[in-house]
């Protein structure tokens, strides 16, 4: 074993000891402890407020296809946390992704260098035809994932990632395929501006940034949940454009 | 034995993943391997957070035709929302790191961190 690996092992072991020591401490009365696996008590956590949709109201019951005009009409509770109760966090999150994409653009500095292509001039027929068939299906799957984000597992980030995958496959196979930089920028800025615009409209009409200003409808229906689907569509376009841009920059560098 | 695995493989395993990642970051010299170790640490943290919100015999927190009301047992939705954020940021970090590695390889023609001239290590 090399000396370097030994030092690394010692440092890791020291960190591990500190962490393991935390498990041996017996908590004083009233202190919160780490639950055993699978024994978490949701009733005493903040999560119960989100599950009851009763952060601002006194609601106790949410029934599929029956409850109307709740404070957040999303059937998927994770979505209601991500895109409604904590949507300001999500705005920060897509800003981080935007900064990473911008940073990659700056680091790779494509303006002065010759742009390369991954796909060969004569890439195989099976690859090309297969991806031609897959491309619209992937776009459709991505769109389904983000449009139904408030009803089923999925959402803007996942849908955007699937759409970016479709463009990645196209870039890897077809050497005539090229996305213009300007169209990526246009989609990304439009989506970002509409996200912030929805937030500002909530600020003007209801008094706080990104507050829900539309009727929330019946839980479980496609046209429900107020501004959550709109926010998720904006996020999906922004994430899809950003990830496509990252992949394009990495391929062309 | 199975009981022990059920109770500790999720917490213990994710903490183990974090430490494997930490060891990799400290001991590897290849920059790509360092980035892979960072990704392992990321995965470990995400798994630990999701495991903290798990409830036995509970469902995913979605109100649908299978679980038609909020009286059903659901797992904690908040760690899942946080992990969604964390995964996206992990992707951003990895992509930016890979771009930096590409640039460093262009300039120094090596992936070994100790062979890069101008760094005293």
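Average partner chain C-beta neighbours within 10 Å, per residue of A:85-97?
Values: counts 2, 4, 0, 0, 3, 4, 0, 2, 7, 3, 0, 6, 5.
Average per residue, whole number: 3.
Could you pull out which residues in segment B:49-64 have an amide N less than 19 Å from a spot 7 Å beyond the Cα of residue A:221, following the Cα-Cβ vector?
Residues passing the 19 Å test: B:63-64.
Relative contact order for chain A: what is it in percent, counting Cα pairs under 8 Å that are at least 6 residues apart?
Details: 315 pairs, mean separation 67.5, N = 253.
Once normalised by length, the contact order is 27 percent.
Can you compute the modelled spin-label distance between residue A:122 and residue A:140, with each label point 7 Å from Cα toward Cβ, in nm?
Between residue A:122 and residue A:140, the label points sit 3.4 nm apart.
Given points 7 Å out from each Cα along the Cα-Cβ axis, report the residue B:109 to residue A:48 separation in nanometres with one decimal.
6.7
With r defined as the distance between the Cβ atoms of residue B:65 and residue A:193 and R0 fixed at 45 Å, what FRET efficiency is calculated, to the nearest 0.05?
On the way: r = 37 Å, r/R0 = 0.83.
Computed FRET efficiency for residue B:65 and residue A:193 comes out at 0.75.
Size of segment A:73-252 along its principal axes in angstrom, Cα-based, largest extent first?
If we take the Cα atoms of segment A:73-252, the spans are 56, 35, 20 Å.
Just checking the output field for B:90-100: average partner chain Cβ neighbours within 10 Å of each residue's Cβ?
Details: counts 0, 9, 13, 2, 1, 11, 8, 2, 3, 12, 4.
Across B:90-100, the average partner-chain Cβ count within 10 Å equals 6.
Please state, as a whole number in µm²/s, the translational diffusion coefficient that the Stokes-Einstein equation yields for the protein assembly as shown at 10 °C and 1.306 mPa s, with Rh defined as the Kirkwood radius across alpha carbon pairs. Show your work: numbers first, answer last.
Values: Rh = 23.3 Å.
Rounded, D is 68 µm²/s.
If I model a spin label as a point 7 Å beyond the Cα along the Cα-Cβ vector, how far apart are those points for residue B:16 and residue A:107 in nm?
Going by the 7 Å Cα→Cβ label model, 3.2 nm.
Of the listed peptides B:98-104, B:88-94, A:146-152, A:41-47, what is their order by residue-averaged count of other C-beta atoms within 10 Å, with the highest listed first?
Values: B:98-104: 16.9, B:88-94: 18.9, A:146-152: 22.7, A:41-47: 14.7.
Ranking, from highest mean packing down: A:146-152, B:88-94, B:98-104, A:41-47.
Gain in length, residue A:39 to residue A:95, computed as 0.36 nm per residue apart minus the alpha-carbon separation, to one decimal in nm?
Details: separation 56, 0.36 × 56 = 20.16 nm, distance 3.58 nm.
That pair, residue A:39 and residue A:95, stretches by 16.6 nm at full extension.
Report, to two decimal places, the Cα Rg of segment B:24-72 normalised by 2.2 N^0.38 Å (N = number of residues). Working shown, then result.
Numbers: Rg = 18.3 Å, N = 49, 2.2 N^0.38 = 9.7 Å.
My calculation over the Cα atoms of segment B:24-72 gives 1.89.
Between residue A:23 and residue A:88, what is 0.36 nm times their sequence separation minus the Cα-Cα distance? Round to one decimal in nm. Can you show the working numbers first?
Values: separation 65, 0.36 × 65 = 23.40 nm, distance 3.41 nm.
Additional length available on full extension: 20.0 nm.
What's the center-to-center distance, using Cα atoms, between segment A:201-253 and segment A:90-163 in Å?
What the calculation gives is 17 Å, centre to centre.
Which of the peptides A:200-213, A:217-230 is most tightly packed, and how do the rest follow, judged by the mean count of other Cβ atoms within 10 Å per residue?
Working: A:200-213: 14.7, A:217-230: 20.5.
Final packing ranking: A:217-230, A:200-213.
Could you state the per residue volume, in Å³, of the convex hull enclosing the Cα atoms of chain B?
Normalising the Cα hull of chain B by residue number yields 128 Å³.
Quick note: the coordinates plus some simple rules give every number you see, no bench work behind them. Everything numeric in this text was worked out from a predicted model, so none of it was measured. Here Cβ is always computed from backbone atoms with ideal geometry, including for glycine, and neighbour counts include all displayed protein chains.
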